[in-house]
Structures are given as structure tokens and as C-alpha cells.
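Novice: Starting off with a structure, shown below.
A short reminder: the numbers here are calculations on the coordinates, not readings from a lab. These numbers were taken from a predicted model, which means no experiment stands behind them. Glycine gets a Cβ as well: all are built from the backbone with ideal geometry, and neighbour counts include every protein chain shown.
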Amino acid sequence: MRGLLLRIGVIGVIVVGALIFRDRLSGSAGDLRVGDCFDEPGDAQNVEDVQHHPCTDAHTAEIVFVGNHPDAETYPDLDAFDAFVYERCVPAFESYTGRDWETDTELDMAYFYPTSEGWPSGDHEISCYLVRLDSGKMMSSMKAATN
């Protein structure tokens, strides 16, 4: 019984630690949520992990939208992903930042989309994120309520 309680205690400490330090750990790009800040992975074709940061630390990207592309039998082409992003992520950008995406001179948006290999197994998630037009770092959240 004592060993079981010790194991449960250790597992509890690990879980609590992971929750507390989540914004400082490298993690799956698929685990990003709205408001998460991270470093954009660069020119990688397939992104699996990203480096999380507290939004008060220097970072190059911030999530504004996470959602699933409508189910389709075949994998969408890039134009279909772009259309989905324009329809869903542009309003999210504007709501999140309080800025007009078309006229903003500081921020732009990029997105992660599923691979053709993951599509048949149900990975249809698209994550849209803010980046600076000058590729510089952000030092705080770009959420309108925190600016």
C-alpha cells in the first residue's frame, strides 16, 4: 500500500510539474492551443515539435485559432487550406488582436496544416498563428486585452 501511494504521489508531482512548466517545454505542434506562444520552427516541411514560451518571454509566434478542416474524403490541396484559413483564421486574428488583418503593418499570420499521411486517420486540425512581418520577436502576448 505504501509503495502504491508513493507511485501515485510521484505521478501527481510529474503531472503538476508538466502543467506548471508547459509553456517552457518543447512539445507537439498538435498540442498548441489558442493563446500559446512558441518559436516558429522555420522552413521545416513537417513540423512535429515546437518550443513553447511564456508570452512574456521573447517568442516568434502566438496561436490565434485551432480548428478542424471540414471532413473530406480526399486530402485538400493548398488552395483549399488557404480558403479555410481565410474564412476562419482572419476573423480569429481580428478578434484576438483587435486589429484589421488587411491593413495591419506589424503582424501577419501563418498556419500549420495536417499531412496527407495523417489525413485518413482523422488529423484535420489547422492551427493559425501570429508572426511579425519583420520576422522579429514578440515580447508579450498580442491579445487585445493584454496589449
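Novice: Points 7 angstrom from Cα along the Cβ direction at S121 and D79: gap in nanometres?
Specialist: Here the answer is 3.0 nm between the modelled labels.
Novice: To continue, here is another question. Quick check of the Kirkwood formula: for segment 35-113, what is the inverse mean of 1/r over all pairs of different Cα atoms, in Å?
Specialist: For segment 35-113, inverting the mean 1/r across all distinct Cα pairs yields 14.1 Å.
Novice: Given an 8 Å cut-off on Cα distances and at least 6 residues of separation, report the relative contact order of segment 57-147 as a percent.
Specialist: Dividing the mean separation by the residue count of segment 57-147 yields 46 percent.
Novice: Here is a further query. If I stretch the segment between M139 and E48 completely, what's the gain in nm (0.36 nm per residue apart, minus their alpha carbon distance), one decimal?
Specialist: Full extension of this stretch gives 30.3 nm more.
Novice: Read phi for every residue in segment 49-63 and hand back ³J(HN,Hα) as whole Hz from Karplus 6.51 cos²θ - 1.76 cosθ + 1.60, θ = phi - 60°, with x for Gly and Pro.
Specialist: 10, 10, 8, 6, 9, x, 5, 7, 9, 4, 8, 10, 8, 8, 6
Novice: Estimate the FRET efficiency between D108 and D71 by the formula 1/(1 + (r/R0)^6), using the beta-carbon distance for r and 22 Å for R0, to the nearest 0.05.
Specialist: Result of the calculation: an efficiency of 0.15.
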